[in-house]
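**Student:** I am attaching a structure below and will ask some questions about it afterwards.
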Number of protein chains: 4
Amino acid sequence: MFFASDNSGPAHPSVMNRVVAANTGHQMAYGNDTIMDEVRTRIREVFEAPEAAVYLVATGTAANVLALACYVQPWQTIYCSKVAHIEVDECNAPEFYSGGAKLKLIDTDNKMMPDALEAAIQGTPRGDVHSAQPGAVSITQVTERGSVHSLEELRNLTAVAKRHDLPVHLDGARFANAMVALGCSAADMSWKSGVDVVSFGGTKNGCMGVEAVVFFDPAKAWEFELRRKRGAHLFSKHRFLSAQMAGYLEDDTFIQIARQANENATYLAAGLKAAGATFLHEPQANMLFVSFPRRVHRTLAAAGARYERHGGMEGPDDTLISSRLVCDWSIGRDQIDTFLSHFQVP
Amino acid sequence: MFFASDNSGPAHPSVMNRVVAANTGHQMAYGNDTIMDEVRTRIREVFEAPEAAVYLVATGTAANVLALACYVQPWQTIYCSKVAHIEVDECNAPEFYSGGAKLKLIDTDNKMMPDALEAAIQGTPRGDVHSAQPGAVSITQVTERGSVHSLEELRNLTAVAKRHDLPVHLDGARFANAMVALGCSAADMSWKSGVDVVSFGGTKNGCMGVEAVVFFDPAKAWEFELRRKRGAHLFSKHRFLSAQMAGYLEDDTFIQIARQANENATYLAAGLKAAGATFLHEPQANMLFVSFPRRVHRTLAAAGARYERHGGMEGPDDTLISSRLVCDWSIGRDQIDTFLSHFQVP
Amino acid sequence: MFFASDNSGPAHPSVMNRVVAANTGHQMAYGNDTIMDEVRTRIREVFEAPEAAVYLVATGTAANVLALACYVQPWQTIYCSKVAHIEVDECNAPEFYSGGAKLKLIDTDNKMMPDALEAAIQGTPRGDVHSAQPGAVSITQVTERGSVHSLEELRNLTAVAKRHDLPVHLDGARFANAMVALGCSAADMSWKSGVDVVSFGGTKNGCMGVEAVVFFDPAKAWEFELRRKRGAHLFSKHRFLSAQMAGYLEDDTFIQIARQANENATYLAAGLKAAGATFLHEPQANMLFVSFPRRVHRTLAAAGARYERHGGMEGPDDTLISSRLVCDWSIGRDQIDTFLSHFQVP
Amino acid sequence: MFFASDNSGPAHPSVMNRVVAANTGHQMAYGNDTIMDEVRTRIREVFEAPEAAVYLVATGTAANVLALACYVQPWQTIYCSKVAHIEVDECNAPEFYSGGAKLKLIDTDNKMMPDALEAAIQGTPRGDVHSAQPGAVSITQVTERGSVHSLEELRNLTAVAKRHDLPVHLDGARFANAMVALGCSAADMSWKSGVDVVSFGGTKNGCMGVEAVVFFDPAKAWEFELRRKRGAHLFSKHRFLSAQMAGYLEDDTFIQIARQANENATYLAAGLKAAGATFLHEPQANMLFVSFPRRVHRTLAAAGARYERHGGMEGPDDTLISSRLVCDWSIGRDQIDTFLSHFQVP
């Protein structure tokens, strides 16, 4: 009963099998392996972007901060939500990689709102040398609270950015989960909606550790390659990154894995709703934000369930405690059923 | 016939098998996996250092620059040889991670000499605010030219560093190859010889992509953890780094792999010597630096041999051209024999 | 009628005279001038801190960011108010000098409140490697809105910091103005209230361009010297910084200048209140934040008055527009009277 | 008898008088003062460059590193001589401001030679992601050893840079001294010789602390302004930088001051030669590198002479010790004569 994170589960067999298959003979190092050629072609197909520059790194933070650093000068700002991964969970990596750019936080507990973005950009006066200058906008899809921007919402946000000539980065650590939720294409959710560069996640969705960075304008390609190497993120035995991504993309495996994760979450959410749990955000992909009484937490913990939680085990029985439950593809229905069997909110 | 680099071969089966075996069920993320506990214990055994702080990253450059950044302030210097990997092959990653420290190059084409190190340290006047201040010493073992410092040579170098109160980093991308060459223990070649922190290589010696950073003084542990995360080098599905290293260390596999690579190189070197090739450096581990006439290069290239080379294919037949030939564990004797069969220096 | 800033007025004669007097013969460069010895002694007296480390730089931003960089690691945070100069007016210099530390903004339009500071520190979970770690607290006195923390308010803030083992920086660009407002000593307003390092402003209070950085714990001295040089802020002809500060401190000139500025502001505020202006913050030192109708702005502009203003000259006559009026020591009563004569809020 | 440095003397009266004259009334801050308009116009005249972007900072290091940072990416290199001020005397400021670029040192004890520059550039392979990439060339005129590149020598160096599409920076801390030595114009010694950006020194040549950065291509202007502010080098009371530079440029005062300094050095050199001193470099501007026996040093020190020296006062009488003697404009003939009267090399 492991709902702590989608980065705690195993790699999907389709991914692992490609890795094992790749482990034969010699290959050119540093991204010049033949599997990477296949990956590049396939990502361009998936994104309907034949000119895109495509690179692989091993962590989501690396994908985000290397992509952003290509678009933001050290004296500029990155606009993101107050709960964005790049603000909350990357230990100043965006500041490090950008040479000291400033994150301007949009006050929200979930999605960034266009009006708030507009106000934030206007609050960093362009042309005033005392103020950090507007740099780029970063949007997370699926959000850190399990919500999914509709295509219209995405376009409304990127329209604000474009009006101010700002590039847009999409943190797509759960890109496939969002695609499945929206039933749209990768192109719809990226360049067709005004996104300039995507962190296309693999790790949380069934890979071992691989993310693609996809630049729709290949002008940034060489700078990215130098930044990746300088950041110590260029793999010598790159074939093992390529192989993961190849397995992930083959036969739309990434869609299947995400669908399985989302369906697990939907099933879990239905059970929790039926049992009376309160949802802080309406789940749309594979993450649930729910609160329930402390005594239920105690029961679940005793039964071996694992998940993130705000609030301790000690205290009054009925205090509502909020939790985050994440379903990856590998969590079985049996485990969800067991979890629900321990869940009673009277 | 792939002699281009030891980072172009496949992972060793013992390593890959552990990775596959690790791919089951859920594991705590970010280095809290149970396999990492095994790895930590095993590395402390191997290094006879029960207090050592042990971390894994995926690239050799990450190991080097994160380790060095823990010991060097931005206004200090790193002393290293002119041909050091950190100077030549890391695209300013040491400068990036250290916040702008300066590499002070010791003029040598191979090993750093103690007198030259002494002179370089004296040339950065401690206490003079105009000059970058002495920071740390970095030694590569096996050197970038295929040589191996004897334990005495190591101790002579670290003695200079200690006399100036400078910490010592060992770039051990080919640590096991050097151990095999010297027939010494990991402890002999590290803390017993005055080394403070080691980049203990796995990637070039049969792993997919994993290096350990071993601090003999655990005081740097927390700083390293923060630097690793901030550098975007903390893996969420860390079990896949741990599993590689576990397979690598189990039953001294890392020694066996290195021995195989070194023996391949010895066999190749003997054949080349017999055929009249000129050695620029006496090979001691798994790298050969040899020069031979351009027409031999042409023959070898036509036969499909791959290796690094200074000098083009076009030009007079008899011009001597220098090359680097690296043997990994997986290169077969048959391939070496084929290579040698094409090699004729009249 | 120049109320745009206290950095637009001339240097005080006591300051300029010392500069001219210093312009004779040779002096040791880089802070080894004999006038600096006098300055060091005098600042230690003024702050009742015989062990303090004392340095001079030429800009307030340099003082702030060099002081902070000595206390904050790149993976840490600086807690400051949302309107702090270091956040709003220094173009990412704090991020630059700290190597990418993050400013955590306390939501306030003026003073930082202890509860909000406490909440912000608790919101950066110490020991969680994903989150930036708590670093230092920076307080501005006089605040950017013209208010002055009482000694009790200062102590309440530093108590929060101390409870979390965080050092405290005081941005005292208008330190003397605050001392005059509180009628307290420099020691009262700094180390006796829990402050670890002060940017002691000279430029805005009658100098040409000089600020002192005063560390009450001299352990940071050598690091500061290296950071100052590396930041290109170490003056060769340092005597001209020393001389300004010597003239500023002699016979408590800095107090006299600040008193004159504050009295000018009090006089102006009284006139504006009498004329019906609305004060956004109660003025306590030498800055006024007032709003009045657009047509009054038009009249004042036509008469040649200069000051900062939010809102344009075009628009309905009666819209209230907010402005900042700053008095330096040199603004004459006649200019204030002329300004007030143009000011009519019916 | 102060020959330690040209940064130890007083400001020239023409400079100081303008500073005093500027100290009246209010002026717009941050470089918007009216005196800066005059300075900009005058520098464009002096350099015959009507489009040049012109900025002032207070230290030579700031001028150098801010100028270079506009031309060099963090993953690139700066080519300079092994004895360059930016390498030896700026405590890693170039690395700091460039975000970690690497200085590639040309091996020379004085001027950089075109062939050596060519070899160094070829040694940083463009397009190889492992290697730092070629960035910019920095030349010092007057060199740190008191020599002056002829215009032909300058052009030969910049031709190498241009052949590789690299921009050229000139560290002109002693620009005027070199102009006087060559009898050429500022334009001759800068853009007409292929220089892209100049650090035009004032401090060492009779100012209090001011240097101009002159970009012949104004495309870098806005970036420079942001970098200057972010570096904390934008003066609020900028008029005091402007006034120094205005006085320096008025009536070619800068030429007169430099001529006086050079003539002092010529007079001193003649006396030393007559007395049998050995010159390590032929003096061409205002610095002398001479060696003479230790007992002469003792006599001079006893008489109160100050200068830089390699080698201690204790030891055999006749050991030759090398020294640097610098003449500024203010050193009187009487002081030189006194110095020479103590100088006897038998």
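**Student:** Give the stretch B:229-267 a look and list any residue that's of a type in the set (K, R) and assigned to a helix (DSSP H, G or I), or say none.
**Tutor:** The initial filter retains those residues of the stretch B:229-267 that are of a type in the set (K, R), namely B:229-230, B:237, B:239, B:259.
Across the stretch B:229-267, the qualifying residues are B:K229, B:R230, B:R239, B:R259.
**Student:** Filter the stretch B:244-267 down to residues that are within 14 Å of another protein chain (Cβ to nearest Cβ) and within 22 Å of A:L234 (Cβ to Cβ), then give me how many there are.
**Tutor:** 2
**Student:** Next question, about the same structure. Just a yes or no: is a residue in the stretch D:211-220 crowded, with 24+ Cβ neighbours inside 10 Å, within 11 Å of another protein chain (Cβ to nearest Cβ) and at negative phi?
**Tutor:** Looking through the stretch D:211-220, at least one residue is crowded, with 24+ Cβ neighbours inside 10 Å, within 11 Å of another protein chain (Cβ to nearest Cβ) and at negative phi.
**Student:** Condition first: without any contact (Cβ under 8 Å) to a residue 40 or more places away in the chain and either among the small types (G, A, S) or surrounded by fewer than 18 Cβ atoms within 10 Å (Cβ to Cβ) (or both). Now tell me which residues in the stretch D:110-133 satisfy that. Walk me through it before giving the result.
**Tutor:** Narrowing the stretch D:110-133 to residues without any contact (Cβ under 8 Å) to a residue 40 or more places away in the chain: D:113, D:115-116, D:119, D:122-123, D:125-131.
Listed by number, the residues that qualify are D:M113, D:D115, D:A116, D:A119, D:Q122, D:G123, D:P125, D:R126, D:G127, D:D128, D:H130, D:S131.
**Student:** Criterion first (more than 22 Å from A:E87 (Cα to Cα), assigned by TED's automatic domain parsing to the domain that holds C:F200 and β-branched (V, I, T)) does C:T124 satisfy it? Quick ask: steps written out before the conclusion?
**Tutor:** Working: more than 22 Å from A:E87 (Cα to Cα): no; assigned by TED's automatic domain parsing to the domain that holds C:F200: yes; β-branched (V, I, T): yes.
Criteria not met by C:T124.
**Student:** Moving on to the next point. Cβ contacts < 7 Å: first residue over 28 Å from B:G135 (Cβ atoms) and assigned by TED's automatic domain parsing to the domain that holds C:E45, restricted to the stretch C:205-230; second residue basic (K, R) and open to solvent by 10 Å² or more (accessible area, probe 1.4 Å), any location; separation 6+ or different chain. Result?
**Tutor:** Hits for this filter: C:N205/C:R174.
**Student:** Right, something else. Scanning for something touching a residue at least 24 places away in the same chain (Cβ under 8 Å), on the phi > 0 side of the Ramachandran plot and over 19 Å from the mean Cα position of the chain (by Cα), does the stretch D:18-37 turn up at least one residue?
**Tutor:** yes
**Student:** Residue check: is C:A275 over 25 Å from C:D109 (Cα atoms) and more than 14 Å from chain D (Cβ to nearest Cβ)?
**Tutor:** Values: over 25 Å from C:D109 (Cα atoms): yes; more than 14 Å from chain D (Cβ to nearest Cβ): yes.
Yes.
**Student:** Something else about it: Looking at (1) open to solvent by less than 10 Å² (accessible area, probe 1.4 Å); (2) within 14 Å of chain B (Cβ to nearest Cβ); (3) touching a Phe, Trp or Tyr at 6+ places or on another chain (Cβ under 8 Å); (4) more than 17 Å from D:K220 (Cβ to Cβ), which is the one condition that is false for D:E95?
**Tutor:** Result: D:E95 passes all but (3).
**Student:** Can we say B:S199 is closer than 29 Å to A:V210 by Cα, part of a loop (DSSP other than H, G, I, E, B), of a type outside the set (D, E, K, R) and within 13 Å of chain A (Cβ to nearest Cβ)? Before the answer, list the steps.
**Tutor:** Values: closer than 29 Å to A:V210 by Cα: yes; part of a loop (DSSP other than H, G, I, E, B): no; of a type outside the set (D, E, K, R): yes; within 13 Å of chain A (Cβ to nearest Cβ): yes.
No, not satisfied.
**Student:** So, one more: What number of residues in the stretch D:335-344 are more than 30 Å from the chain's Cα centre (by Cα) and either without any contact (Cβ under 8 Å) to a residue 40 or more places away in the chain or open to solvent by less than 40 Å² (accessible area, probe 1.4 Å) (or both)? I'd like the intermediate steps shown before the answer.
**Tutor:** Pass one, the stretch D:335-344, residues more than 30 Å from the chain's Cα centre (by Cα): D:341-342, D:344.
Now narrow it down to the ones that are either without any contact (Cβ under 8 Å) to a residue 40 or more places away in the chain or open to solvent by less than 40 Å² (accessible area, probe 1.4 Å) (or both): D:341.
Result for the stretch D:335-344: 1.
**Student:** If you take the residues in the stretch A:261-277 that are touching a Cys at 6+ places or on another chain (Cβ under 9 Å) and in contact (Cβ under 8 Å) with a residue 24 or more places away in the chain, which one is most open to solvent (accessible area, probe 1.4 Å)?
**Tutor:** It comes out as A:Y267.
**Student:** For the stretch C:5-41, what are the residues that are hydrophobic (A, V, I, L, M, F, W, C), within 9 Å of chain D (Cβ to nearest Cβ) and open to solvent by 20 Å² or more (accessible area, probe 1.4 Å)?
**Tutor:** The answer is C:V20, C:M28.
**Student:** Within the group B:Y79, B:Y71, which residue is open to solvent by 10 Å² or more (accessible area, probe 1.4 Å) and not acidic (D, E)? Give the steps one after another, and end with the answer.
**Tutor:** Values: B:Y79 fails: open to solvent by 10 Å² or more (accessible area, probe 1.4 Å).
Matching residue, one of B:Y79, B:Y71: B:Y71.
**Student:** Take the stretch C:280-289 and flag every residue that is open to solvent by less than 40 Å² (accessible area, probe 1.4 Å) and not aliphatic (A, V, I, L, M). Spell out how you get there, then give the answer.
**Tutor:** Of all residues in the stretch C:280-289, those open to solvent by less than 40 Å² (accessible area, probe 1.4 Å) come to C:281, C:283, C:285-289.
The answer is C:H281, C:P283, C:N286, C:F289.
**Student:** Of all residues in the stretch B:164-181, which are farther than 14 Å from B:K111 by Cβ and free of Cβ contacts under 8 Å to residues at least 40 places away in the same chain?
**Tutor:** Answer for the stretch B:164-181, where residues must be farther than 14 Å from B:K111 by Cβ and free of Cβ contacts under 8 Å to residues at least 40 places away in the same chain: B:D165, B:V168, B:G172, B:F175.
**Student:** So which of A:G201, A:G231 is open to solvent by less than 10 Å² (accessible area, probe 1.4 Å) and touching a Lys or Arg at 6+ places or on another chain (Cβ under 7 Å)?
**Tutor:** A:G201
**Student:** Can I ask one more? Could you list, in sequence order, the residues of the stretch B:235-253 that are open to solvent by 10 Å² or more (accessible area, probe 1.4 Å) and more than 18 Å from B:T41 (Cβ to Cβ)?
**Tutor:** B:F235, B:S236
**Student:** Of D:L166, D:L151, D:L182, which residue is within 20 Å of D:Q76 (Cα to Cα), more than 15 Å from the chain's Cα centre (by Cα) and of a type in the set (A, V, I, L, M, F, W, C)?
**Tutor:** Values: D:L151 fails: within 20 Å of D:Q76 (Cα to Cα); D:L182 fails: within 20 Å of D:Q76 (Cα to Cα).
Sole residue among the options that is within 20 Å of D:Q76 (Cα to Cα), more than 15 Å from the chain's Cα centre (by Cα) and of a type in the set (A, V, I, L, M, F, W, C): D:L166.
**Student:** If you don't mind, there's one more thing I want to ask. Do you know which of the residues in the stretch D:315-334 that are open to solvent by less than 70 Å² (accessible area, probe 1.4 Å) and out of contact with any helix residue (DSSP H, G or I) (no Cβ under 9 Å at 6 or more places or on another chain) is farthest from D:G206 (Cα to Cα)? Talk me through it step by step, then tell me what you get.
**Tutor:** Looking only at the stretch D:315-334, we keep the residues that are open to solvent by less than 70 Å² (accessible area, probe 1.4 Å), and these are D:315, D:319, D:321-332.
Filter once more, so that each one left must be out of contact with any helix residue (DSSP H, G or I) (no Cβ under 9 Å at 6 or more places or on another chain): D:322, D:324.
On the way: D:S322: 27, D:R324: 20 Å.
Among them, the one singled out is D:S322.
**Student:** Among what's in the stretch B:98-108 and is within 17 Å of B:A67 (Cβ to Cβ) and aliphatic (A, V, I, L, M), pick the residue that is least open to solvent (accessible area, probe 1.4 Å).
**Tutor:** B:A101
**Student:** Something else about it: Give just the number: which of (1) open to solvent by 30 Å² or more (accessible area, probe 1.4 Å); (2) in a helix (DSSP H, G or I) does C:D188 not satisfy?
**Tutor:** The number of the failed condition is (2).
**Student:** Considering B:R294, B:R298, B:R306, B:R324, which residue is more than 27 Å from B:G183 (Cβ to Cβ), basic (K, R) and within 24 Å of the chain's Cα centre (by Cα)? Step through it out loud before you land on a result.
**Tutor:** Working: B:R294 fails: within 24 Å of the chain's Cα centre (by Cα); B:R298 fails: within 24 Å of the chain's Cα centre (by Cα); B:R324 fails: more than 27 Å from B:G183 (Cβ to Cβ).
None of the other options fit; the residue is B:R306.
**Student:** Taking into account only those residues within the stretch D:118-134 that are outside any loop (DSSP other than H, G, I, E, B) and farther than 20 Å from B:T77 by Cβ, which is farthest from the other protein chains (Cβ to nearest Cβ)?
**Tutor:** So in the stretch D:118-134, the residues outside any loop (DSSP other than H, G, I, E, B) come out as D:118-122, D:133-134.
Checking the rest, the ones that are also farther than 20 Å from B:T77 by Cβ come to D:118-119, D:121-122, D:133-134.
Details: D:E118: 17, D:A119: 14, D:I121: 15, D:Q122: 12, D:Q133: 7, D:P134: 12 Å.
Per the stated criteria, the residue is D:E118.
Residue-wise test of (1) β-branched (V, I, T); (2) free of Cβ contacts under 8 Å to residues at least 60 places away in the same chain; (3) within 14 Å of another protein chain (Cβ to nearest Cβ).
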site: D:N64; (1), (2), (3): no, no, yes
site: D:H85; (1), (2), (3): no, no, yes
site: D:G99; (1), (2), (3): no, yes, yes
site: D:K102; (1), (2), (3): no, yes, yes
site: D:L105; (1), (2), (3): no, yes, yes
site: D:I139; (1), (2), (3): yes, yes, no
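**Student:** Let me ask another. Are there any strands (runs of 3 or more DSSP E) wholly within the stretch C:268-331 with 2 or more residues that are of a type in the set (A, V, I, L, M), and if so which? Show your work before the answer.
**Tutor:** Working: elements: C:278-281, C:287-293, C:308-310, C:320-326.
Ranges flagged: C:287-293, C:320-326.
The values are calculated or read from the model by the stated rules, or taken from the named source; none is laboratory data. The model shown is predicted, which means the values in this text are computed figures rather than measured ones. Every residue, glycine among them, receives a Cβ derived from its backbone with ideal geometry; neighbour counts consider all protein chains shown. The accessibility values were calculated without ligands, DNA or RNA, using every heavy atom of the protein model including side chains. Shrake-Rupley method; radii C 1.70, N 1.55, O 1.52, S 1.80 Å.
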